[in-house]
Amino acid sequence: MPIWSRRRVETILLAALAIASVIPLRYFVESRGWFLGEIAVLCTAFVVAEFAKSTTGQSKRVKQATALATLLVWMSPILFALFARAFGSPIALEMSALTTFGAISLAVAVAATTQRTQSLSLVISGFLVLFSASISDSPHAVVLPIVWMLGCIWHLIANHWERLGLAMPDSVERNWTLRPSLLIVTVAVLAGGAYTVKDRATSSERFANGFMPTSGGSGWSDPAARSGVGTGDAAIAAKDHAESFGAVDSDIFLESTESTLFDMANDMLGDPKKKTKWERRQAMGNDNTISMHEQASKSEQGGGTFSIERIPPKKHRHFENTKDASVVQWDGPTGIRLALHRYDQFNGKDWIQSANPKTDSLTRIDLDGAPWFFDPMMRNTLNDSSGAISVGLLKVIRLDSQRLPVPMLTAGIHIKELDRQDFFGIAEDGSFLMPGREKVPPLTVVHVASVGLTEDQIRETLRVDPADDEKGDRKDLLNQYVYHWTKDLDAPYEKLQSIVAQLRTKFTFDRAGQSAATTLDEFLRSRRGGDHLFATTAALMAREIGLSSRLVTGFYVRPDSLDRMAGHASVLPQDVHVWAEVRLRDGRWFEIEPTPSYEQPRYQPSWRLLARRFLVAHRTSMAGGLLGLSVVFFTRSLWIDWLLTVVWKLARWLRPRRRICFAIRIIETRATIAGYRRPAGQSQRVWLEKLTAADPRRAEAAQRFADAADALIFGDSQVQSYRGATELVDLLPVRTITALTKEARL
């Protein structure tokens, strides 16, 4: 069968159309990189197979290459499904199976040697096109089956007329434009049929047996299925993927006895020490009790204080009614902190949240048709920020709080299918929350947009407030640490960095050990304690150098908690963490991490700052190097002349013609250094005569040199005066050329 026969080309085109019918089902729901890579490999393998197949006089190696490329055509969807799943970007098995059908159809069309094999490729491609259209929700999906049917009808009709042409070669001509009128009639019939059934068919239903993507999914397919799971458009009962749920507002999810953040903190750090002395109090009758007092134990009300003096915990409580102990799941960068509560006043024992409990409204902005709710202050700096903007996914699992644990400098949040502005709010301390409810409904997925911060911005906008009323209450030991760690530094940011570095290197993190400190005084003396003591010390030391600071409690997203198969990191109860924040002049707060074993926030410096640091760190060596380069530059005539002299002496082994050419190059190089470059278009003889005109001895040597050069290049290669002529190189060093040019000017 000819390699480029009409029937073979038509079969290949119909198989390619079948693969194209699967693209709309996958392109918008999968990782673009993996999908485009799969299509690129498939197309490359097809081109290689066609090229190898068209090679004339195929050898054994060429045939093997053709077979391997054809095998890769139909194996590429399977290989990419395995690789993508191994690297954390799973592809739904059903979608891989459909693409494999199309790849098999294309591979069969490429390798076909008989009409029966081509017919098999047509059957496979036709099934795939019709099946893909039947499961698609797009009203335009019917276009591809119509195009495929037109191509198939053309193929069958042309094949029929070709057979007639073989029987009557004198009266029938084979070409690519057989019976166009019949094609026009076919198009009209198909278009009329499509118009007749338009809007009469119900929407496609999902298969319940799991073969196609369903709302429930399975352990393999739910991270990448198209409907419900993987998109967050519907509330569904999957478990593993962070984007598996939309907002859920149902009593079945609201009834819960999960621990609050403060219960978890007590489990990790120990209960706060109880007061032994109380002021005289007067009992209050039940009729005078304010109803809000009944909610004092709830997280949104109980977050008003945080004691740093703790009793070491005896044991940790763990959830026993679930297989997954995650508090929240995070799909985004790891090694970061998710903040819940912030405290800005410290009395020596307790951190107090003095911010106004009033909840402010968020600003709604629709981006790409999706409602986003932004912090009004952060919204103003969003467009002007030079840092990167990242969007992560937060899925609440078992968090008994109305606040949302979000990263530093969160600008806005978004929940799919939820556009009511009264569902969201922001507290005075910058914490996002869902007011009017006891807690965020479990299984709620929140898209979180946060703004990056560069080191340059921190240096330029760091707020320094020398008048700090709380400085007089500091312990002497804390003041001594601050003095010794910052006495040689001037910039506030450098002082802050020194404090954090000293705490991370000279103190030991011990959250619940027997030797762990339980008070601030013990921590400063023993240099061993929990993260709440590290954060408290860093915040107080920041105030000693004139910076506004506060304590933050929330969760730490451990780098080793990332599950690549599921695509998210699980935050557990033991990931409760305490750190500190420092204020900038524009009102924003940035994190500092003084506790060892926790990654520090990454503030990338600009190229300008890196260059300045490099200059400061290497100013001595750079000054010496600059001085050396200056000496080399101003003495270039001496050392270049010396180097050329050495090279000329080493070139005695060259043949006469090459040595004459090398000599003129040396003379011209010396003249260039002396500032007397040979003019373009002027011959070497004329130029040498003008250069040596003021010195008879050198003028005679130049004459002999020019004569020898002409004889060697244009005449006899054996010149008697050759060796005497090369003495001109020794007679014209740089200093001599400089003197000759000065005499010529005079």
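Below are the figures for this structure:
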{"quantity": "Which listed pairs, of 273/439; 349/439; 273/506; 690/742, have C-alpha distances above 23 Å, in listed order", "calculated": "273/439; 349/439; 273/506"}
{"quantity": "Computed lengthening from residue 419 to residue 311, 0.36 nm per intervening residue step minus Cα-Cα distance", "calculated": "34.4 nm"}
{"quantity": "Accessible area (Å², 1.4 Å probe, nearest 10) - residue 602", "calculated": "140 Å²"}
{"quantity": "Probe 1.4 Å, protein heavy atoms only - accessible area per residue of the stretch 591-734 in square angstrom", "calculated": "64 Å²"}
{"quantity": "330, 74, ranked by accessible area, largest first (probe 1.4 Å)", "calculated": "74, 330"}
{"quantity": "Solvent-accessible area of residue 633 with every protein chain in place, 1.4 Å probe, in Å² to the nearest 10", "calculated": "110 Å²"}
{"quantity": "Local electrostatic count at residue 495 - Lys and Arg +1, Asp and Glu -1, tallied over other residues with Cβ under 11 Å", "calculated": "-3"}
{"quantity": "Values of log10 I(q)/I(0), in the order q = 0.18 Å⁻¹, for the stretch 467-599 under a Debye, Cα-only, solvent-free model", "calculated": "-1.01"}
{"quantity": "Heavy atoms of residue 5: accessible area, 1.4 Å probe, square angstrom to 10", "calculated": "20 Å²"}
{"quantity": "³J(HN,Hα), Karplus 6.51/-1.76/1.60, whole Hz, each residue of the stretch 365-376, x for Gly, Pro", "calculated": "9, 8, 10, 6, x, 10, x, 10, 10, 10, 5, x"}
{"quantity": "Residue 188 versus residue 699: modelled label distance in nm, points set 7 Å from Cα along the beta carbon direction", "calculated": "10.4 nm"}
{"quantity": "P(r) histogram, all alpha-carbon pairs of the stretch 581-639 included - 10 Å bins from 0, percent", "calculated": "17, 22, 26, 14, 11, 8, 1"}
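The values are calculated or read from the model by the stated rules, or taken from the named source; none is laboratory data. These figures come from a predicted structure and were not determined experimentally. Note that we place each Cβ from the backbone using ideal geometry, even for glycine, and neighbour counts take in every protein chain shown. Calculation scope for accessible area: heavy atoms of the full protein, side chains included, ligands and nucleic acids excluded. Shrake-Rupley method; radii C 1.70, N 1.55, O 1.52, S 1.80 Å.
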